[in-house]
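Participant: If you scroll down you'll find the structure; I have some questions about it.
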Amino acid sequence: MLGGAPGRSGYAGLLSTPSPSAPPDPLPGRSTTDVLVVGGGPIGLAIAWRARARGLTVTLCERGGLPSYLSAAHVAAGMLAPVAEADPQELALLGLGLDSAARWAAFAGELGEASGLEVGYRDCGTLVVARDRDEAEHVDREIRLREQLGVPVARLLPSAARRLEPALAPAIRAAFHAPDDHAVDPRTVCEALLIACELAGVHLRPGCEVAAVDGDGVRLASGEHVPAGQVVIAAGAWAPRIEGLPCLPVRPVKGQVLRLAARAGEGHLLEHVVRWDGGYLVPRGDGRVILGATMEDRGYDTTVTALGVYELLRDAGELVPGVLELDLEAAVAGLRPATPDNAPLLGAWEGVTLACGHHRNGILLTPVTADRITALLLGEDAGIDPAFAPGRFARQPA
Ligand code: GLY
């Protein structure tokens, strides 16, 4: 049982009802916040929470509501999967992902203590499966790559994979198990971060669109100027729309996702995350399953399409036929903030601190991003790999 914080009562009233245990207004008589965070997704909230815990006064502006339905986290499946997603061209990103994955259990525990919410952290491991000869050869290459990189994976015979996960189709051709790739529930993480921020005394400003960064703070779309000692841009796919910054190399990549659920009284379909070439199924502890996700370059469009839903269900149904018997609760689409090299922009650049461009890894990278950016805000050695320097694309010759 987690103690010391409000029980789970939903978001309504969260921002208007002062908690008896809340610290005093962090900005009494002061006109300038130490840190202004732009963006109320998990990255922005976690930075705000950590920075406040280190004694900084913090204001967080989110253009939508809080929790943010605009954040990619609102539709994210919540895989913590640096091993399954490892790419030989992205070794720095793999290192950052492993670092953050190692922080997640403690981060989830601390967040649970601070908020009173269990954030759905599941050390369930991931199964990567293949359905035909081409995919089996691909799985073979992926296993060898991970063995060379020294990250733990276990090759499984199809029969062994089905013993681990009986819902898998008999037709699967190859599989490996990544025992350290886990999952978390992103919506609950955001809800918990919101409560933790509020209790810590972060000044939360939902419905507050930052139009521009200026010399000593930001200008809101309403025209209000908000002075701030430091500004952190954690606005995901919307970061490039903020004026006063150099052109940010971040673009939206749409992902369509289905939320599926077992009927009351039926057992859970899956225990592990199951992945294949182009998709994944992520079980929640309550019997729900998230099926994702498309990868589409369509600007800021978040329409759910018949083709997207069809392809997701077609592939998932081939590998885990029981998926087609689940109830379809929702079909949603979100925008991943992608960069040209798939790695985030982390660090100081042109007068602000950037913490955006996390692409497919926003949930995974939340703890490490919050810790390192907070260190940076405090003037400490944040240890951020130059591979994530925000100006790295600007330096490249044309
Ligand atoms: N992290 C998985 C995705 O973005 O689809």
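The values are calculated or read from the model by the stated rules, or taken from the named source; none is laboratory data. What you see is a predicted model; the values in this text were computed from it and never measured. Positions of Cβ are generated from backbone atoms using ideal geometry, with glycine treated the same way; all protein chains shown enter the neighbour counts. Side chains are part of the model used for accessible areas, which takes the heavy atoms of the whole protein and leaves out ligands, DNA and RNA. Shrake-Rupley method; radii C 1.70, N 1.55, O 1.52, S 1.80 Å.
Participant: It is to be established whether one or more residues within the stretch 228-245 are more than 25 Å from the chain's Cα centre (by Cα) and modelled with pLDDT under 95.
Facilitator: No, because not a single residue in the stretch 228-245 is more than 25 Å from the chain's Cα centre (by Cα) and modelled with pLDDT under 95.
Participant: If you check A101, A73, which single one turns out to be within 29 Å of A387 (Cα to Cα), within 16 Å of the ligand (Cβ to nearest atom) and modelled with pLDDT under 95?
Facilitator: After ruling out the rest, the residue left standing is A73.
Participant: Based on what the data block shows, is A387 open to solvent by 20 Å² or more (accessible area, probe 1.4 Å), of a type in the set (G, A, S) and farther than 23 Å from A77 by Cα? Reasoning before the result, please.
Facilitator: Numbers: open to solvent by 20 Å² or more (accessible area, probe 1.4 Å): yes; of a type in the set (G, A, S): yes; farther than 23 Å from A77 by Cα: yes.
Yes: the conditions hold for A387.
Participant: Of all residues in the stretch 338-353, count the ones that are in contact with a helix residue (DSSP H, G or I) (Cβ under 9 Å, 6 or more places away or on another chain), open to solvent by 20 Å² or more (accessible area, probe 1.4 Å) and either more than 13 Å from the ligand (Cβ to nearest atom) or charged (D, E, K, R) (or both). Break it down into steps so the answer makes sense when it comes.
Facilitator: The first filter runs over the stretch 338-353 and keeps only residues in contact with a helix residue (DSSP H, G or I) (Cβ under 9 Å, 6 or more places away or on another chain), leaving 338-339, 341-348, 353.
From what's left, open to solvent by 20 Å² or more (accessible area, probe 1.4 Å): 341-342, 348.
Then keep just the ones that are either more than 13 Å from the ligand (Cβ to nearest atom) or charged (D, E, K, R) (or both); that gives 341, 348.
Residues in the stretch 338-353 being in contact with a helix residue (DSSP H, G or I) (Cβ under 9 Å, 6 or more places away or on another chain), open to solvent by 20 Å² or more (accessible area, probe 1.4 Å) and either more than 13 Å from the ligand (Cβ to nearest atom) or charged (D, E, K, R) (or both): 2 in total.
Participant: For the stretch 354-376, give me the residue count where each residue is surrounded by 23 or more Cβ atoms within 10 Å (Cβ to Cβ) and more than 16 Å from the ligand (Cβ to nearest atom).
Facilitator: 6
Participant: Going by what's in this entry, would R241 be described as open to solvent by 10 Å² or more (accessible area, probe 1.4 Å), more than 30 Å from V139 (Cβ to Cβ) and without any contact (Cβ under 8 Å) to a residue 12 or more places away in the chain?
Facilitator: Considered against the rule, which asks whether it is open to solvent by 10 Å² or more (accessible area, probe 1.4 Å), more than 30 Å from V139 (Cβ to Cβ) and without any contact (Cβ under 8 Å) to a residue 12 or more places away in the chain, R241 comes out as yes.
Participant: Mind listing whichever residues of the stretch 127-185 are open to solvent by 40 Å² or more (accessible area, probe 1.4 Å), touching a residue at least 40 places away in the same chain (Cβ under 8 Å) and assigned to a loop (DSSP other than H, G, I, E, B)?
Facilitator: R131, D132, P152, A171, R173, P179, D180
Participant: Moving on to the next point. Would you confirm whether or not the stretch 38-53 contains a residue that is in contact (Cβ under 8 Å) with a residue 24 or more places away in the chain, part of a helix (DSSP H, G or I) and within 16 Å of the ligand (Cβ to nearest atom)?
Facilitator: Within the stretch 38-53 (the criterion being in contact (Cβ under 8 Å) with a residue 24 or more places away in the chain, part of a helix (DSSP H, G or I) and within 16 Å of the ligand (Cβ to nearest atom)), the answer is yes, since at least one residue qualifies.
Participant: Go through (1) open to solvent by 20 Å² or more (accessible area, probe 1.4 Å); (2) within 16 Å of the ligand (Cβ to nearest atom) one by one and return the number of the condition D381 breaks.
Facilitator: (2)
Participant: Which residue out of V289, V250, V273, V257 is among the β-branched types (V, I, T), open to solvent by less than 10 Å² (accessible area, probe 1.4 Å), within 16 Å of the ligand (Cβ to nearest atom) and more than 15 Å from L326 (Cβ to Cβ)? Walk me through it before giving the result.
Facilitator: Values: V289 fails: more than 15 Å from L326 (Cβ to Cβ); V250 fails: open to solvent by less than 10 Å² (accessible area, probe 1.4 Å); V257 fails: more than 15 Å from L326 (Cβ to Cβ).
Unique residue meeting the criteria: V273.
Participant: Pairs under 7 Å by beta carbon, first residue within 26 Å of D180 (Cα to Cα) in the stretch 361-388, partner basic (K, R) and away from the ligand (no atom under 16 Å from the Cβ), six or more apart or different chains?
Facilitator: P367/R103; V368/R103; A370/R50; D371/R50; A382/R372; G383/R372; I384/R372
Participant: Is one or more of the residues making up the stretch 318-333 more than 14 Å from the ligand (Cβ to nearest atom), without any contact (Cβ under 8 Å) to a residue 60 or more places away in the chain, open to solvent by 60 Å² or more (accessible area, probe 1.4 Å) and more than 15 Å from the chain's Cα centre (by Cα)?
Facilitator: Yes: one or more hits.
Participant: Inspect the stretch 76-97 for any residue being more than 16 Å from the ligand (Cβ to nearest atom), free of Cβ contacts under 8 Å to residues at least 60 places away in the same chain and under 17 Å from H182 (Cα atoms) and give the result as yes or no.
Facilitator: Looking through the stretch 76-97, none of the residues is more than 16 Å from the ligand (Cβ to nearest atom), free of Cβ contacts under 8 Å to residues at least 60 places away in the same chain and under 17 Å from H182 (Cα atoms).
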